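Trainee: The structure is given below, and queries will be raised subsequently.
The values are calculated or read from the model by the stated rules, or taken from the named source; none is laboratory data. All figures in this text were calculated on a predicted structure; none of them were measured in a lab. Note that each Cβ is placed from the backbone with ideal geometry, even for glycine, and that neighbours are counted across all protein chains shown. For accessibility, only protein heavy atoms count, side chains too; no ligands or nucleic acids. Shrake-Rupley method; radii C 1.70, N 1.55, O 1.52, S 1.80 Å.
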Amino acid sequence: MSGTTTAKARLKNLLSQTDNRHCADCAAPDPKWASANIGVFICLKCCSVHRSLGTHISKVLSVTLDEWSDDEIDAMIEVGGNSSANAIYEAYIPENCSKPGPDASHDERRRFIRSKYELQEFVKPSLRITSGKSSASLQSSFSRKILDSFRVKPSENSEGMVEFIGLLKVKVVKGTNLAIRDMMTSDPYVVLTLGQQTVQTTIIKSNLNPVWNEELMLSVPQNFGPVKLQVFDHDTFSADDIMGEAEVDIQPLITSAMAYGDPEMFGNMQIGKWLKSHDNALIEDSIINIVDGKVKQDVSLKLQNVESGELYLEVEWLPLDQ
């Protein structure tokens, strides 16, 4: 117990230093998270971007909730805090590139943080780690853990590749009061689209209140948007008729999940919420919970651009690096 207390005290002492009282990336006050292998303290909003980079670049830990190893704390202390790290990572920020502030958007943070740590665009060229090379001066200033956190800048022929940050398991539970598209009924099925991916449920014959309880899987790219949902009526001899559509904003789910880290470390609890508003299809606020070590969200949607119909989903987030 005394060893754990001592370790926590060392970390708390480092966090209390003046330059560590603000986020290393956006300067938001009172950061409660850290990148253990880079050696910086960061805020919750920047934390979500760091997690999307992968643990091979930035290993995010909570200052208060996570257990730290002595090696991880030693690495943080060896770096010396945000000012020391930024002296390396922000050595040469171009005039046309501005550092995000506490109120910056997610996209602004993502662009800057990726340029700063993954692509090393602001690092002094002689300190960059490239294939087959290492820098003695960098090794003397940074621990091996930090040296390993640097990544080779992607080659031009890799720019078209899509990087995924996790998986989305969508359980299409049921539909209620769906629109009639045949004489008296419809043969509905659901199509989900995310980026270039499209998945769909089975067709249920002659049913305006279908129960699917069918799980569909989507890979989530780094630059993800909403999941587009469409319900169709299957026709054998003509084009399938649309029976309504909606969009599912997965940002609240992923941001909440990344902020809490490994959900198996927590008991059942609410960690986030997607709020009902006039510009989304929610019937009621959609609550994000940790349930039995998994991050899940119940979603109730009123189908848009149709005379009637509701759809019920259960969504689960599966990070690739968990």
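Trainee: Can you give me the long-range amide H partners of residue 250? Hydrogens built in the peptide plane at 1.01 Å from N, cutoff under 5 Å, separation of 5 or more residues or another chain.
Mentor: For residue 250, the qualifying residues are 227.
Trainee: Explain nothing, just compute: Karplus ³J(HN,Hα) = 6.51 cos²θ - 1.76 cosθ + 1.60, θ = phi - 60°, for every residue of region 98-114 in order, whole Hz, x for Gly and Pro.
Mentor: 10, 6, x, x, x, 9, 5, 6, 4, 5, 5, 4, 4, 4, 5, 5, 5
Trainee: So what is the calculated 222 nm ellipticity per residue for the chain, using -39500 (n - 2.57) for each DSSP H run with n of 4 or more, over all residues, to the nearest 500 deg cm²/dmol?
Mentor: On the way: 8 runs with 72 residues, N = 322.
That calculation yields -6500 deg cm²/dmol at 222 nm.
Trainee: So if each residue of separation counts as 0.36 nm, and I subtract the Cα-Cα distance between residue 93 and residue 203, what length gain in nm does that give?
Mentor: 34.1 nm
Trainee: Per-residue HN-Hα couplings for region 164-176, Karplus 6.51 cos²θ - 1.76 cosθ + 1.60 at θ = phi - 60°, whole Hz, x for Gly and Pro?
Mentor: Using θ = phi - 60°, the values come out as 9, 9, x, 10, 10, 9, 10, 8, 7, 7, 6, x, 9 Hz.
Trainee: Can you give me the angle between helix 251-260 and the longest principal axis of the chain, using Cα atoms only, in degrees from 0 to 90, rounded to the nearest 10?
Mentor: It is inclined by approximately 40 degrees.
Trainee: If we sort 219-225, 308-314, 254-260, 96-102 on the protection proxy, mean other Cβ atoms within 10 Å, highest first, what's the order?
Mentor: Ranking, from highest mean packing down: 254-260, 308-314, 219-225, 96-102.
Trainee: Follow-up. Let me know the shape class of region 164-319, please: from the alpha-carbon gyration tensor, a ≥ b ≥ c as square roots of the eigenvalues, rounded when a/c is under 1.5, otherwise prolate if a/b is greater than b/c, or oblate.
Mentor: Values: a/c = 2.15, a/b = 1.91, b/c = 1.12.
It is prolate, given that a/c is not under 1.5 and a/b is the larger ratio.
Trainee: Which whole-Hz ³J(HN,Hα) couplings does region 201-209 yield from phi under the Karplus relation 6.51 cos²θ - 1.76 cosθ + 1.60, θ = phi - 60°, glycine and proline marked x?
Mentor: 7, 6, 8, 10, 6, 6, 8, 8, 10
Trainee: Taking the solvent-accessible surface of protein heavy atoms with a 1.4 Å probe, what is the per residue accessible area of region 7-118 in Å²?
Mentor: Numbers: 4890 Å² over 112 residues.
For region 7-118, the solvent-accessible area averages 44 Å² per residue.
Trainee: Name the residues whose placed amide hydrogens come within less than 5 Å of the amide hydrogen of residue 308, ignoring near sequence neighbours (fewer than 5 apart) on the same chain.
Mentor: 179
Trainee: Let me ask something additional. Mind checking the angle between helix 70-79 and the chain's longest principal axis? C-alpha axes, 0 to 90 degrees, to the nearest 10.
Mentor: Once rounded, one gets 70 degrees.
Trainee: Taking only protein heavy atoms and a 1.4 Å probe, what accessible area per residue, in Å², does region 164-319 have with all protein chains in place? Don't skip to the answer; put the middle values down first.
Mentor: Details: 7520 Å² over 156 residues.
Ligands and nucleic acids excluded, the result is 48 Å² per residue.
Trainee: On to the next question. Within the set 205/294; 116/294; 116/169; 228/296; 174/294; 45/302, which residue pairs have Cα atoms separated by over 24 Å? Write out the running numbers ahead of the final one.
Mentor: Working: 205/294 33 Å; 116/294 32 Å; 116/169 32 Å; 228/296 19 Å; 174/294 22 Å; 45/302 30 Å.
Result: 205/294; 116/294; 116/169; 45/302 exceed 24 Å.
Trainee: For the chain, give the percent of accessible area contributed by carbon and sulfur heavy atoms, probe 1.4 Å, rounded to a whole number.
Mentor: Carbon plus sulfur share of accessible area: 50 percent.
Trainee: May I pose another question? Using only Cα atoms and rounding to the nearest 10 degrees, what angle (0 to 90) does helix 2-15 make with the longest principal axis of the chain?
Mentor: 90 degrees
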